[in-house]
Amino acid sequence: MQSNWLLVNMFSGSRRGPGLAIFMLATQIFQVGLHNIPPVTLATIAINTIIFLRIPILNIRYPSLGNVCISVVNTWYKGDWKRIALAAFFHADEWHLYYNMASMLFKGMSLEKRLGSAYFVYLLAVFTILTNGVLLGLNYATDEFLGYHEYLSHCAVGFSGVLFALKVVTTYYLPPGIQYIMGIIPIHSRLACWAELFLIQIFVPNASFTGHLAGILVGLLYVKGPLKPIMDIFIPAANSPSYTYKAQATGYRNQYQPRHQPPTGNYGNTRNLNQGEDEDLAEAIRHSQAESHNTC
């Protein structure tokens, strides 16, 4: 099997212009309303978009995908550990960015208001490092135990590993119910992340299966395992300063109460947000068939 590593390495570091997907993302953001988006969520979307467009800020020199993508060879064997943090913030193309940031918009609106802005940025930082760390472990294990040696050189970029972890946490805060994957496939909310894991791989074979699986495992470590108690030792969620939410005409209305903490804002029905997110997934899949990079 031919590795995609050379294709990733040949990526040009030149500045990009915004395309259709970027305008679609901007439209979604303005439809929700900038004043309705919590600051960490908005900043995360802005940072990822700025990096993708390579907008010149403070004379920053943006590396190519080949210099930030995460793989066992480059990260583990060669000791380039900065990739564990950097890989999540780079995307292969604008549709890759669009789906991830549209998903981040909905998940961030749901979680940041519950956990507080300080804790949410803490959560994102921990999930970013752990998801990429688990990805390395899964790829190494796939080579060691299954003999798929190409996984050592699979080089992945993108934020969706973190987003899979956030999806597990988001569904944990909701009452059990039915979600519609890609807007058409009904499935129990607790199984939605697993269904997406396999559906994305079917429709977008170049997506990083182990990257997405790593995100699910990290999310489960948080909601079912020891990760949350360990994190709360350093920054307890209850003590995190939270963003003050405003009820505006462009907002949404809460119809469901979370399991642990009541919502304080006027954000929308999370199930409807998830359904809209799944429609974004279907749209992104249609535009990702020609991808030749491993993406998270």
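The values are calculated or read from the model by the stated rules, or taken from the named source; none is laboratory data. Because the structure is predicted, anything quoted here is derived from the model rather than measured. Quick reminder, even Gly has a Cβ in these numbers, built from the backbone with ideal geometry, and neighbours come from all protein chains shown. Calculation scope for accessible area: heavy atoms of the full protein, side chains included, ligands and nucleic acids excluded. Shrake-Rupley method; radii C 1.70, N 1.55, O 1.52, S 1.80 Å.
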### Message
Residues that are in a helix (DSSP H, G or I) and crowded, with 18+ Cβ neighbours inside 10 Å: does segment 148-158 have at least one?
### Response
yes
### Query
With (1) open to solvent by less than 10 Å² (accessible area, probe 1.4 Å); (2) in contact with a helix residue (DSSP H, G or I) (Cβ under 6 Å, 6 or more places away or on another chain); (3) under 22 Å from Val157 (Cα atoms) as the list, and Leu105 as the residue in question, which single condition is left unmet?
(2)
### Task
Answer yes or no: is there a residue in segment 160-174 that is of a type in the set (Gly, Ala, Ser), modelled with pLDDT under 95, under 24 Å from Gln28 (Cα atoms) and part of a helix (DSSP H, G or I).
yes
### Task
Kindly list, by first and then second residue, each pair from a residue in segment 180-199 that is more than 19 Å from Leu220 (Cβ to Cβ) to a residue that is outside any strand (DSSP E or B) and open to solvent by 40 Å² or more (accessible area, probe 1.4 Å), limited to pairs with Cβ atoms under 8 Å and residues at least 6 apart or on different chains.
Tyr180/Gln275; Met182/Glu279; Gly183/Gln275; Gly183/Glu279
### Summary
The residue that is least open to solvent (accessible area, probe 1.4 Å), considering only those in segment 37-59 that are over 15 Å from Lys107 (Cα atoms) and not in a helix (DSSP H, G or I), is Arg54
### Query
Among the numbered criteria (1) surrounded by 20 or more Cβ atoms within 10 Å (Cβ to Cβ); (2) aliphatic (A, V, I, L, M); (3) within 21 Å of Tyr119 (Cα to Cα), which single criterion is violated by Leu221?
(1)
### Summary
Here the residues within segment 189-207 that are among the aliphatic types (A, V, I, L, M) and touching a strand residue (DSSP E or B) at 6+ places or on another chain (Cβ under 7 Å) are Ala192, Ala195, Leu199, Ile200, Ala207
### Summary
From the option list Leu25, Leu34, Leu20, single residue qualifying as at pLDDT 90 or above, within 21 Å of the chain's Cα centre (by Cα) and open to solvent by less than 60 Å² (accessible area, probe 1.4 Å) is Leu25
### Task
Take segment 60-102 and flag every residue that is within 17 Å of Val134 (Cβ to Cβ), open to solvent by less than 10 Å² (accessible area, probe 1.4 Å) and not in a helix (DSSP H, G or I).
Cys69, Ile70, Ser71
### Query
Inside segment 108-143, can you point out the residues that are under 18 Å from Met231 (Cβ atoms), surrounded by 24 or more Cβ atoms within 10 Å (Cβ to Cβ) and of a type in the set (S, T, N, Q)?
Thr131, Asn132
### Task
Identify, by number, the condition in (1) outside any helix (DSSP H, G or I); (2) open to solvent by 60 Å² or more (accessible area, probe 1.4 Å); (3) of a type outside the set (Val, Ile, Thr); (4) out of contact with any strand residue (DSSP E or B) (no Cβ under 8 Å at 6 or more places or on another chain) that Pro186 doesn't meet.
(4)
